[in-house]
Amino acid sequence: MAESIHIVSCGETFSAHFALALQQKGYGVSCSGCPKALSKELLQGGVRLGTLEQICKAGETVDWVVCAADATDADIKYAESEHLRTMSIYDLLTTHIEGKATVAEYNTHNPSRILSIIHYMLQSQNKKCDYVAGTPVTGFPTEIFLSENTRICLLNGDWLSQCNKRVYKSNILILSSLHWRENKLYPTFESYLDACHKVVESIDRNGTLIYNQTVSAFQEWAESVRDDITAIPFKAHACRRDGDKCFLTRSKSETELPFACDEDLLLDLNAARIACRQLGITENAFYNKIASASFLGK
């Protein structure tokens, strides 16, 4: 990639945080249309703020203009008039995480919560990772972090379904629940289900599918994955409740949690546990650390 990039945020916090992540990685970055609440943070991080026209007329070089796929902002029209090269934010992200072991969660009631648990566990083992949360979540210091020297990347699966120009493959895919609301991308449940299935079909060679076995569609897909894919079913983690206290139970021991647990959280905890095992974190290490994961109660 070139060294100078202009991000057209169009009011999205994710795009603005992406601009900051690129600046921290060593690129020269400018940004337009960022949320006002993030302006101070971006300026302090070295990101130049202004419209694309203002940046160019100030004598700054812009090698690429990066924007959301459906952006129709005035900055895009200016880029076209000046014959500047443009690309989708999803394609740019792909270039920065290719070659890394990727863990993606998809179809969750609580976006990125499973990833935040995995991130917490990796940190406890002094294992660094990139992450693309795609939404603010407890447990992450920001929505996105990129680096050159990490071997693992945690991805919000919604990003996978929007990466149009490149077919991106996950190494570990987690399917927790089917959670559809009518929107521009998925106007019908069938279109949403089809997008989800395509993500399953795009799992990388010798990859792993971790799926909620109580969802019939997931079970059906797991039974028909390629021979090189390992499909691992899960359900809500077994627990014992004592008043307001919740204890994760195992065959010979149990772990008291510092937060309340509903069925959704018990599902996410079990999915994260299995993913962590695939990443080399032992069961004992997982349970010892989850006992101090108080951020899950916020």
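The values are calculated or read from the model by the stated rules, or taken from the named source; none is laboratory data. Keep in mind that what you see is a predicted model, and the values were worked out from it rather than measured. For neighbour counting, all protein chains shown are included, and Cβ atoms are generated from backbone atoms with ideal geometry for every residue, glycine included.
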Exercise. State all residues of segment 96-132 that are on the phi > 0 side of the Ramachandran plot and either touching a residue at least 40 places away in the same chain (Cβ under 8 Å) or under 10 Å from the mean Cα position of the chain (by Cα) (or both); if no residue qualifies, say none.
Key: 107, 112
Quiz item: With 14, 18 as the choices, which residue is crowded, with 22+ Cβ neighbours inside 10 Å and assigned to a helix (DSSP H, G or I)?
Solution: 18
Exercise. Please go through segment 209-223 and pick out each residue that is buried (at least 21 other Cβ atoms within 10 Å of the Cβ) and either in contact (Cβ under 8 Å) with a residue 60 or more places away in the chain or assigned to a loop (DSSP other than H, G, I, E, B) (or both).
Key: 210
Quiz item: For segment 1-26, how many residues meet the condition of being without any contact (Cβ under 8 Å) to a residue 60 or more places away in the chain and closer than 18 Å to residue 59 by Cβ?
Solution: 0
Exercise. Please work out which one of (1) buried (at least 17 other Cβ atoms within 10 Å of the Cβ); (2) touching a helix residue (DSSP H, G or I) at 6+ places or on another chain (Cβ under 8 Å); (3) of a type in the set (S, T, N, Q) is the condition residue 88 fails and give its number.
Key: (2)
Quiz prompt | segment 136-146, subset in a loop (DSSP other than H, G, I, E, B) and touching a residue at least 24 places away in the same chain (Cβ under 8 Å), residue surrounded by the most Cβ atoms within 10 Å (Cβ to Cβ) | solution = 143
Practice problem: Name the single residue, out of those in segment 238-277 being basic (Lys, Arg) and over 26 Å from residue 154 (Cα atoms), that is farthest from the chain's Cα centre (by Cα). | Solution: 252
Exercise. Take segment 224-252 and flag every residue that is of a type in the set (Lys, Arg), closer than 27 Å to residue 179 by Cβ and assigned to a loop (DSSP other than H, G, I, E, B).
Key: 226, 235
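Per-residue answers, yes or no, for (1) touching an Asp or Glu at 6+ places or on another chain (Cβ under 7 Å); (2) more than 30 Å from residue 203 (Cα to Cα):
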| residue | (1), (2) |
| --- | --- |
| 37 | no, yes |
| 47 | no, yes |
| 51 | yes, yes |
| 114 | yes, no |
Quiz item: What are the residues in segment 231-284 that are surrounded by fewer than 17 Cβ atoms within 10 Å (Cβ to Cβ), in contact with a helix residue (DSSP H, G or I) (Cβ under 7 Å, 6 or more places away or on another chain) and among the small types (Gly, Ala, Ser), if any?
Solution: 260
Practice problem: Within segment 253-282, track down each residue that is small (Gly, Ala, Ser), assigned to a helix (DSSP H, G or I) and free of Cβ contacts under 8 Å to residues at least 40 places away in the same chain. | Solution: none
Self-check item: Options 78, 27; residue that is closer than 17 Å to residue 144 by Cα, hydroxyl-bearing (Ser, Thr, Tyr) and not assigned by TED's automatic domain parsing to the domain that holds residue 135
Solution: 27
Quiz item: closer than 28 Å to residue 137 by Cα, surrounded by 23 or more Cβ atoms within 10 Å (Cβ to Cβ), touching a helix residue (DSSP H, G or I) at 6+ places or on another chain (Cβ under 9 Å) and modelled with pLDDT of 90 or more - does that describe any residue in segment 42-58?
Solution: yes
